[in-house]
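First comes the structure, then the notes that go with it.
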Amino acid sequence: MPNVSAISSSSDRPVRIGLLGCGTVGQAFARTIAEQGATIARASGRRLEIGPVLVRDANRRRAGVRPAQLTTDPQDVLSDPDVDVIVEVMGGLEPTATYLRQALQAGRPVVTANKQLLSRHGAELLTLAETSGTELRFEASACAAIPVIKVLRESMLAAEISALTGIVNGTTNYILTEMARRGLSYAEALTQAQDLGYAEADPTEDVGGADAAAKMAILASIAFHTNVHFDDVAYEGIDGVHAEDLELARDLGFVVKLLGVARLADGGISVRVHPALVPEHHRLAAIMGSDNAVLLESGTVRQIMLVGPGAGGTETASAVLADVLSILGTAKGSFLQNALVDAGRPLLDPDQTESAFYVRLKVADRPGVLAQIATVFAEAGLSISSVIQRGEGDAARLVLVTHVGSEARMNSAVRAMREMPDVRGEPVLLRLLAEDVG
Ligand SMILES: NC(=O)c1ccc[n+]([C@@H]2O[C@H](COP(=O)([O-])OP(=O)(O)OC[C@H]3O[C@@H](n4cnc5c(N)ncnc54)[C@H](OP(=O)(O)O)[C@@H]3O)[C@@H](O)[C@H]2O)c1
């Protein structure tokens, strides 16, 4: 059965790839292999060829693949004795997980681009790869073309990462960029993103923060050598961010970004996704449009930031191909295998995570209201660093920025403000990018 070492012992024949899925990424992958075949062979000493290809509709033509290669029977790919590497670009949890278990159990190396699957079953599949003496690689599952997983698990293996802060969803970054740049409302910017193909028809996973949470679970697992499951990541999306907040943030010297924030603190890990105010001179503030960026911090190497396209067929296919080449490169000496080692670090209580907060309120325009609000913050144990107050008829818009405090303290202040007769409507709450980042 073809495992990593078997690939190296048969270098006279092409490396045969079994493809699970042939949509946007699968076809781009097949095209790249056809177009870059000579370069790949020169660099790796091996020729790659696409073998059987699993799809749902075998009657539809696919770029870079002959109709005879298409099948709707997964066993044509999974049980083909001549397939050396399985590339999974079909997505979803099932039947995908079942197919990958079968491939790994048979000792076949697997490359996947599937963040949903990795963020939920990554630890189990990596363990299976380990016990079967093969490899599971997943570079394209987080930030597509940006080689962040390779950097974390190879280049920075011993760098003791202390924080990983990322803009890991291109759709939301595009929407926030257009809202800030052109004064569009959230709904207008979302429609524009959909028209230009940056957002899906159903954008829930992106704008609600789940897509970024899945990527952060994968990145934090590798950065901190600890299994972080999708369910361990607390997330919020951008659907509650108003154009008004972007404008007020700008007046205060910030831009609003959807951030993934993973930190090592007090020996534990916290991983969150939420909209955050980023100081306008911070390097993450400069990431515009659909680009992604990941800022890695470590006592050893200080800061490293990786920036690039976080989606797209050819971009994602390039990361998938890099994984296949890494497997071929590690076949002989096996200098790197599966990098997830469980150090057993606890996940911290989300209520105890700390940040500074931006709070926007509508209040009755009467003397003494500001003092009452200040008392609420003081009683919650939060100190205020700046205040903006603007009149609006018989009401006033009040924006307060706090110093760093815990989620629990802020929640208690919000509960108290909701009880105040002079506070109208729901307080709007955003977090600031922590002052010690960058
Ligand atoms: N597109 C991107 O920019 C991007 C970026 C990063 C990561 N990814 C990840 O890459 C993976 C693929 O994405 P994609 O955009 O290429 O998706 P896609 O265009 O929807 O393609 C999915 C392919 O898988 C096949 N497929 C799906 N379910 C199947 C099943 N149960 N049995 C057999 N075949 C099945 C489909 O067959 P039919 O064609 O016959 O329907 C199609 O060929 C996903 O995990 C995605 O999250 C994508």
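The values are calculated or read from the model by the stated rules, or taken from the named source; none is laboratory data. On a predicted model such as this, the values are computed, not experimentally measured, just so you know. A quick note on method: Cβ atoms are made from the backbone with ideal geometry, for glycine too, and the neighbour counts reach across all protein chains shown. Only protein heavy atoms, including side chains, enter the accessible area calculation; ligands, DNA and RNA are left aside. Shrake-Rupley method; radii C 1.70, N 1.55, O 1.52, S 1.80 Å.
Could you grab me the full set of residues in the range 190-219 that are under 15 Å from Gly237 (Cα atoms) and without any contact (Cβ under 8 Å) to a residue 40 or more places away in the chain? Hits for the range 190-219 are Leu190, Ala199, Asp202, Pro203, Thr204, Glu205, Asp206, Val207, Gly208, Ala210.
From the list Ala30, Ala58, Ala34, which residue is in contact (Cβ under 8 Å) with a residue 24 or more places away in the chain and more than 19 Å from Asn114 (Cβ to Cβ)? Break it down stepwise before answering.
Values: Ala30 fails: more than 19 Å from Asn114 (Cβ to Cβ); Ala58 fails: in contact (Cβ under 8 Å) with a residue 24 or more places away in the chain.
None of the other options fit; the residue is Ala34.
Of the residues making up the range 73-92, those that are near the ligand (Cβ under 10 Å from one of its atoms) and open to solvent by 40 Å² or more (accessible area, probe 1.4 Å) are Asp73, Met90. Against the definition (in contact with a helix residue (DSSP H, G or I) (Cβ under 9 Å, 6 or more places away or on another chain) and of a type in the set (A, V, I, L, M, F, W, C)), how does Leu277 come out, yes or no? Considered against the rule, which asks whether it is in contact with a helix residue (DSSP H, G or I) (Cβ under 9 Å, 6 or more places away or on another chain) and of a type in the set (A, V, I, L, M, F, W, C), Leu277 comes out as yes.
Just one of the listed residues (Ala103, Ala113, Ala142) is touching a strand residue (DSSP E or B) at 6+ places or on another chain (Cβ under 9 Å), among the hydrophobic types (A, V, I, L, M, F, W, C) and over 27 Å from Asn292 (Cα atoms), namely Ala103.
I'm trying to understand the selection: among the residues of the range 189-231, which are at pLDDT below 95 and of a type in the set (D, E, K, R)? Of everything in the range 189-231, those that are at pLDDT below 95 and of a type in the set (D, E, K, R) turn out to be Asp195, Glu200, Asp202.
For every residue, the table says whether it meets (1) surrounded by fewer than 19 Cβ atoms within 10 Å (Cβ to Cβ); (2) closer than 20 Å to Gly425 by Cβ.
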| position | (1), (2) |
| --- | --- |
| Leu348 | yes, no |
| Thr353 | no, no |
| Phe357 | no, yes |
| Val363 | no, yes |
| Pro367 | yes, no |
| Ala378 | yes, no |
| Ser386 | yes, no |
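Screening Ala163, Ala145, Ala189 for residues that are open to solvent by 10 Å² or more (accessible area, probe 1.4 Å) and in contact with a Ser or Thr (Cβ under 9 Å, 6 or more places away or on another chain) leaves exactly one candidate, Ala145.
Only one of Gly107, Gly51, Gly18 is open to solvent by less than 50 Å² (accessible area, probe 1.4 Å) and in a loop (DSSP other than H, G, I, E, B); which?
On the way: Gly51 fails: in a loop (DSSP other than H, G, I, E, B); Gly18 fails: in a loop (DSSP other than H, G, I, E, B).
After applying the criteria, what remains is Gly107.
Candidates in the range 22-65 are the residues that are among the basic types (Lys, Arg) and away from the ligand (no atom under 16 Å from the Cβ); of these, the one that is modelled with the highest pLDDT is Arg47.
The single residue among Leu382, Leu430, Leu398 that is at pLDDT 95 or above and in a loop (DSSP other than H, G, I, E, B) turns out to be Leu382. Scan the range 110-136 residue by residue and report those that are open to solvent by 10 Å² or more (accessible area, probe 1.4 Å), within 16 Å of the ligand (Cβ to nearest atom) and either at pLDDT below 95 or of a type outside the set (A, V, I, L, M) (or both). Across the range 110-136, the qualifying residues are Lys115, Gln116, Arg120, His121. Of all the residues in the range 213-245, those that are farther than 21 Å from Ile149 by Cα, open to solvent by less than 10 Å² (accessible area, probe 1.4 Å) and of a type outside the set (D, E, K, R) number 2. Within the option set Thr177, Thr172, being in a helix (DSSP H, G or I), out of contact with any strand residue (DSSP E or B) (no Cβ under 7 Å at 6 or more places or on another chain), open to solvent by less than 40 Å² (accessible area, probe 1.4 Å) and among the polar types (S, T, N, Q) holds for one residue only, Thr177. Might you let me know whether the range 142-151 holds any residue that is in contact (Cβ under 8 Å) with a residue 12 or more places away in the chain and away from the ligand (no atom under 16 Å from the Cβ)? Checked against the condition, which is being in contact (Cβ under 8 Å) with a residue 12 or more places away in the chain and away from the ligand (no atom under 16 Å from the Cβ), the range 142-151 yields at least one hit.
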